[in-house]
Amino acid sequence: MSGPNTDYDPVEVTPLKAEQVDEMREAALAAIAAAADLDALKQVRIDHTGDRSPLALANREIGALPPQARKDAGQRIGQTRGAVNQALAARQVVLEAEHEERMLVEETVDVSLPTTRARRGGRHPLTLQSELIADLFVAMGYEVAEGPVVEAEWLNFDALNLGPDHPARSMQDTFWTEPAENHVVLRTQTSPVQARTMLTRKPPIYVVCPGRVFRTDEYDATHSPMFHQVEGLVVDEGITMAHLKGTLDHFASQLFGDGITTRFRPSYFPFTEPSAEVDVLCFVCRNVDPASCRTCRGEGWIEWGGCGVVNPRVLTACGVDPSVYSGFAFGMGIDRSFMFRHNLEDLRPLFEGDVRFSSSFGSEI
Amino acid sequence: MKAPLSWILEHVDVPAGTTTEHLTDRLTLTGLKLEAVVSPGRDITGPLVIGRVLTMEPEPQKNGKTINWCTVDVGDANGTGEPQGIVCGAHNFAPGDLVATVLPGGVLPGGFEIGARKTYGHLSAGMICSARELGLGDDHDGIIVLPADAGQPGDDVRPVLGLDEETIEFEINPDRAYALSIRGIAREVLVSVDGASNFRDPADRDTPAPNADGHPVVVEDADGCPVFVARKVTGFDPTAATPDHIVQRITAAGMRPISLAVDVTNYVMLETGRPIHGYDADKVQGAIVVRRARDGERLTTLDGTDRALDPADLVVTDDSGIIGLGGVMGGETTEMSGTTTSILVEAAHWDAVSMYRTGRRHKITSEAGKRNERGVDPTICEAAADRVVELLVEHGGGTADSGVTVVGTPPAMPVIEVAGDLAARVSGMPITEERSIDCLRAVGCEVSGSGTLTVTPPPWRPDLTDPQDLTEEVIRLVGYDHVPSILPTPPSGRGLTHSQRLRRRIGRTLAGDGFVEVVTFPFVGTSDLDDLGLPADDARRDLLRLSNPLSAEAPFMTTTLLPGVLRTAGKNVGHGNVDLAIFETGAVTLPRHSGPAAILPVDRRPTDDEFAALDAALPAQPLHLALVAAGDAVSGGWWGAARPVTWSDAIEEVRSVAAALGLDVTASSADLAPWHPGRCAELSVDGEVVGHAGEVHPRVCQAFGLPKRTVAAEVDLDLLIERAVHLRPAPSFSSYPVAKEDVALVVDASVPAADVEAALREGAGELLESIRLFDVYTGDQVGEGKKSLAYALRFRAPDRTLKEGEAAAARDAAVALAVERTGAVQRA
Ligand SMILES: [Zn+2]
């Protein structure tokens, strides 16, 4: 390994002779080639091109030479310095590459280590189900209507053709608030939102109303005092049951899959006349050999909700002229739809709040 | 309504080969929904036939029992015609008897498979059955001995034993009260099943003409009781048994057999739909008077309950006083008993609304009440009473009294005008006027006219009052399954509202920050608020009370979401979910004590003022957000130590939500339950308080089963959403160089950092681009009761490079104001 020439004395020698310059070059190139790493190369650079290097000192002496000699020496030293710098640069590239390669190898980690350090959040599946349903209708041009859950008795019942002595009122299992003479209830259905919509908008009306509703049902695997409904209301000229059927068929196919249709059975709701129960084709067995199907319990169809043509009495109470407009309405349980869509047999996990339940659904269903 | 099929078919014919499934499918499609078909023999398969016992040899056994080795003639049912050898343990029969015999290959209830097996030294090929073995009751004393005329050996025994009798259970909608009877269901079969014919109306019978010889009856309230029919049977044998077919039918219909007299009234009610009441005629004193009750009157009803009557209740009285709650339940004093020999039969038509109110007022539900409150055919009182008299005389002996009392006349049915094309317009199906008329006539309406039809519904259909009701009748008979499927074309919609989009954004923000959404019930009790540590005068104790809560412990609608989320958090911790972050959004109920929500008319739209008054009468129901976090925010691992949740996480999460709406939240010190009094922040936006956040009070943590240092927040989302930035202008930033200056200020520990920052901001002027508190130090170097706040300030001008010293001057001005405002001392 060659180091700097410490015996060198610029005063006593004439460093500008060709042989001497060649020696400097050889020494520098040898040192460069021998530099094993970037630190060594840095030192070589200082020793052979730095201010106190032989070449620098020689360069400084050029000025003292006569003009002819100055030119030759200048050329010689210049070429030599160029060659040394070139060699330095080339060696630098090689050593940097070696260094990088070594570093990258040394920095190797175990990528299979666990990485999760923050909690994962999630939205409630019923919220997601409500939003999904709302989106299906918004895509058809509907708007989403809303109203309060603590509601006026008149809007929850009377305006919907459920007079004070209507036997259907006792079917509703209503939570009443005190004092009773205030006539305030927890809404038993999202239908009062439909009444509110008709009272505040002019037809044509195309709305869906998802929301919480309350019934005095004891809490068990299939009943909850609070659950979620989505209702739809259309009021326009020339609306018929056929439009209702078309809408629900479309809704069913969007929610449960292509080809899933609905079936109507006569029923009774004071709000609508004619009224129908809506069954949806079982999306698991599609009514092909349903006997062994657990989803529809062998029926081939699943009870989904109720619907009908808006009773003209309701239109009248809500300020819509039944001689001009007709409409349809439908209502489905969001919780129920979720339960059979996701194969959940006991509804209680929906309201128990165990984070393992909700977080498994993330933010989209 | 549970209806034995044979009973239905006693009143209407269906084409031969009509299956029960077809019948119920058709009825379901026209509105009587099938719930279930049950039959006692549904679990029996294979050969179950009549056998004639030819021989029986008693054979005592070592175990003390004696078995009978029998040969039984089963005709050709065994394929050979030879007698069948069967071992039988019973002794209640003799050679020559007809018995129910199950042959090898048969399966009895419980999956009990019958084969030929070696037993007691014989090959026993089958079994002679007891009632219990066939699922016909608990009688196991012996085998069933059939009547001598039951049939021939080898005949199927199922029809003989009623094992194949099917009972159909229907769900009856409130508007189809007529279908709460065999009469109504048979009529539905007639109109629903193709080829059904020959309806035989059980109420269509010749009845004796009214006369003056019957029991005297005065109806003082003809609106409440338009028709009252009284008949009498005397010399009745109170010990007479109810015939088997009546017992079987009323049992199948879900009613309990009691005595012949009671069973017959129930039987006729099921058959005709008309509730009947029977009095012990010897206990009725003088004339019957029907009227409304008077204040203070009481009655002990058949169920032994002493009831205070309401002046709106319809009552039946005699000289002794009140003897019945008309149409709902009879009284104790005239109840038929095991010694009753004279029966007064009442068939009366009652006002449905009164029935409904009385039933609800006294909390009585009964088969009679269910029919009376939904509406019964008012024209069949005489027929029903006559049918009861006939059955009482037929099965209980005695004599029908010649007296027939009939008071009042059935109310007339309304006449409805309906457009002939209404059914087509409503259904979207091409239903002609002729088809509509046919359908209406099929359900019993009288129809005349064309274009506009004049329709009188039949008396058993009080539900038909409006044109739309008639339309439903037409469409259901044409068939809901024929309604075409057509999508309407709504006008272009406007999508979700701004508020709806923001609420979704809030939920996604929280989930993205690691919070899990929960849904809880909004019911609370005062103990929940005690657990929160709310003082007695806290506004959140002003609660809306439910009249009929599910739980007496939680009778109120909550004013805060905190009890629900804290309770849920506690449950999660109990389940081992200890590193927890949950949230809930939902409306809370804040009473306004603003008086009643009026019951408005329904024959017109409410005025805008009336509608506004309804809303004003409701409690305020702002949308709230509550969140709770506990345990570690960042878990520990190979990367380093865990970071536990702190009070600041609760505030930060609200800031995160607010930022999603383009809002800045200011936090200032507050003291509000359920938070730690030194670690509670009042959160404001634009100077308005929107909620609170911080560490939960240790006592509250304990009450909810949560670890210490659990944090929580509750904010009013309506207030945030109201203020959310709607249209944000695009930002512009300076591309000139930034100048950085750091300052450290020592202030009293009680000085809020926010005040120091505010003073620095104001003092620094408009060149200040940002300010960041990067260190808070307390300790020896700053002295007791002091803290050092270190800020990094960045200065930049929008339009130029700052001049030498400009940033330093701005920094000095900032410090000067902080010194002046907060008593700060700049740290060297
Ligand atoms: Zn299925």
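The values are calculated or read from the model by the stated rules, or taken from the named source; none is laboratory data. Here the structure is a predicted model, which is why all the values come from computation and not from measurement. Don't worry about glycine lacking a Cβ; one is built from the backbone with ideal geometry, like all the others, and counts go over all protein chains shown.
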Original post:
What tally of residues in the range B:576-594 results from selecting those that are touching a helix residue (DSSP H, G or I) at 6+ places or on another chain (Cβ under 7 Å), more than 7 Å from chain A (Cβ to nearest Cβ) and not hydrophobic (A, V, I, L, M, F, W, C)?
Top reply: 3
Original post:
Taking the range A:276-292 as the region of interest, how many residues are near the ligand (Cβ under 8 Å from one of its atoms) and either touching a strand residue (DSSP E or B) at 6+ places or on another chain (Cβ under 7 Å) or under 25 Å from B:I172 (Cα atoms) (or both)?
Top reply: 2
**OP:** Would you check if there is a residue in the range A:320-336 being within 12 Å of another protein chain (Cβ to nearest Cβ) and within 16 Å of the ligand (Cβ to nearest atom)?
**Re:** no
Original post:
Which of the residues belonging to the range A:293-319 are free of Cβ contacts under 8 Å to residues at least 40 places away in the same chain, more than 9 Å from the ligand (Cβ to nearest atom) and either assigned to a strand (DSSP E or B) or more than 10 Å from chain B (Cβ to nearest Cβ) (or both)?
Top reply: A:E303, A:G305, A:G306
Original post:
Out of (1) over 30 Å from B:K370 (Cβ atoms); (2) modelled with pLDDT of 95 or more; (3) more than 10 Å from every other protein chain (Cβ to nearest Cβ), the odd one out for A:V234 is which?
Top reply: (3)
Original post:
Can you name every residue in the range B:103-124 that is of a type outside the set (S, T, N, Q) and closer than 16 Å to B:T71 by Cβ?
Top reply: B:L103, B:P104, B:A116, B:Y120, B:G121, B:H122, B:L123
**OP:** Just one of (1) surrounded by fewer than 18 Cβ atoms within 10 Å (Cβ to Cβ); (2) in the same structural domain as B:L625 (by TED's automatic domain parsing); (3) of a type outside the set (A, V, I, L, M, F, W, C) trips up B:R761, so point out which.
**Re:** (2)
Original post:
What are the residue pairs meeting all of these: first residue in the range B:630-644, first residue of a type in the set (D, E, K, R), second residue outside any loop (DSSP other than H, G, I, E, B), Cβ atoms under 6 Å, and 6 or more apart or on different chains?
Top reply: B:D632/B:P644; B:R643/B:A633; B:R643/B:V634
Original post:
When only residues in the range B:603-654 that are in a helix (DSSP H, G or I), among the charged types (D, E, K, R) and under 24 Å from B:N572 (Cβ atoms) count, which is farthest from the other protein chains (Cβ to nearest Cβ)?
Top reply: B:E652
Original post:
What residue, among those in the range B:484-515 that are touching a Leu at 6+ places or on another chain (Cβ under 8 Å) and facing chain A (nearest Cβ under 7 Å), is surrounded by the fewest Cβ atoms within 10 Å (Cβ to Cβ)?
Top reply: B:R504
Original post:
Within the range B:391-406, is even one residue part of a loop (DSSP other than H, G, I, E, B), within 41 Å of the chain's Cα centre (by Cα) and on the phi < 0 side of the Ramachandran plot?
Top reply: no
Original post:
With respect to the numbered conditions (1) touching a strand residue (DSSP E or B) at 6+ places or on another chain (Cβ under 7 Å); (2) part of a loop (DSSP other than H, G, I, E, B), which one is the sole condition not fulfilled by B:V426?
Top reply: (2)
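This table checks each residue for (1) at the interface with chain B (Cβ under 8 Å from one of its Cβ atoms); (2) surrounded by fewer than 23 Cβ atoms within 10 Å (Cβ to Cβ); (3) farther than 30 Å from B:T489 by Cα.
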| site | (1), (2), (3) |
| --- | --- |
| A:P125 | no, no, yes |
| A:D135 | no, yes, no |
| A:M140 | yes, yes, no |
| A:N156 | no, no, no |
| A:L160 | no, no, no |
| A:D173 | no, yes, yes |
| A:P179 | no, yes, yes |
| A:N182 | yes, yes, yes |
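Here is a yes/no grid of residues against (1) over 22 Å from B:D748 (Cβ atoms); (2) loosely packed, with under 12 Cβ neighbours inside 10 Å; (3) under 60 Å from the mean Cα position of the chain (by Cα); (4) of a type in the set (A, V, I, L, M):
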{"residue": "B:I771", "(1), (2), (3), (4)": "no, no, yes, yes"}
{"residue": "B:Q781", "(1), (2), (3), (4)": "no, yes, no, no"}
{"residue": "B:A792", "(1), (2), (3), (4)": "yes, no, no, yes"}
{"residue": "B:A809", "(1), (2), (3), (4)": "yes, no, no, yes"}
{"residue": "B:A824", "(1), (2), (3), (4)": "no, no, no, yes"}
Original post:
Across the range B:566-602, what is the number of residues that are closer than 29 Å to B:R503 by Cβ, assigned to a loop (DSSP other than H, G, I, E, B) and aliphatic (A, V, I, L, M)?
Top reply: 2
Original post:
Taking the range B:462-483 as the search range and keeping residues that are over 28 Å from B:T379 (Cβ atoms) and part of a loop (DSSP other than H, G, I, E, B), which one is farthest from the other protein chains (Cβ to nearest Cβ)?
Top reply: B:G479
Subject >> Verdict on B:P563 being more than 30 Å from B:R504 (Cβ to Cβ) and either out of contact with any Phe, Trp or Tyr (no Cβ under 8 Å at 6 or more places or on another chain) or modelled with pLDDT of 95 or more (or both) >> reply: no
Original post:
Do we find a residue being within 33 Å of the chain's Cα centre (by Cα) and within 16 Å of the ligand (Cβ to nearest atom) anywhere in the range A:244-255?
Top reply: yes
Subject >> Unmet requirement for B:V388, which otherwise passes all of (1) within 15 Å of B:V227 (Cα to Cα); (2) among the β-branched types (V, I, T); (3) outside any loop (DSSP other than H, G, I, E, B); (4) touching a helix residue (DSSP H, G or I) at 6+ places or on another chain (Cβ under 9 Å) >> reply: (1)
Subject >> Qualifying positions in the range A:204-261 - part of a loop (DSSP other than H, G, I, E, B) and acidic (D, E) >> reply: A:D217, A:E218, A:D220, A:E237, A:D258
Subject >> From the options B:V689, B:V776, B:V696, B:V711, residue that is surrounded by fewer than 18 Cβ atoms within 10 Å (Cβ to Cβ), assigned by TED's automatic domain parsing to the domain that holds B:I506 and among the aliphatic types (A, V, I, L, M) >> reply: B:V689
**OP:** Name, by its number, the condition in (1) closer than 27 Å to A:F214 by Cβ; (2) more than 11 Å from chain B (Cβ to nearest Cβ); (3) buried (at least 20 other Cβ atoms within 10 Å of the Cβ); (4) within 16 Å of the ligand (Cβ to nearest atom) that does not hold for A:E345.
**Re:** (3)
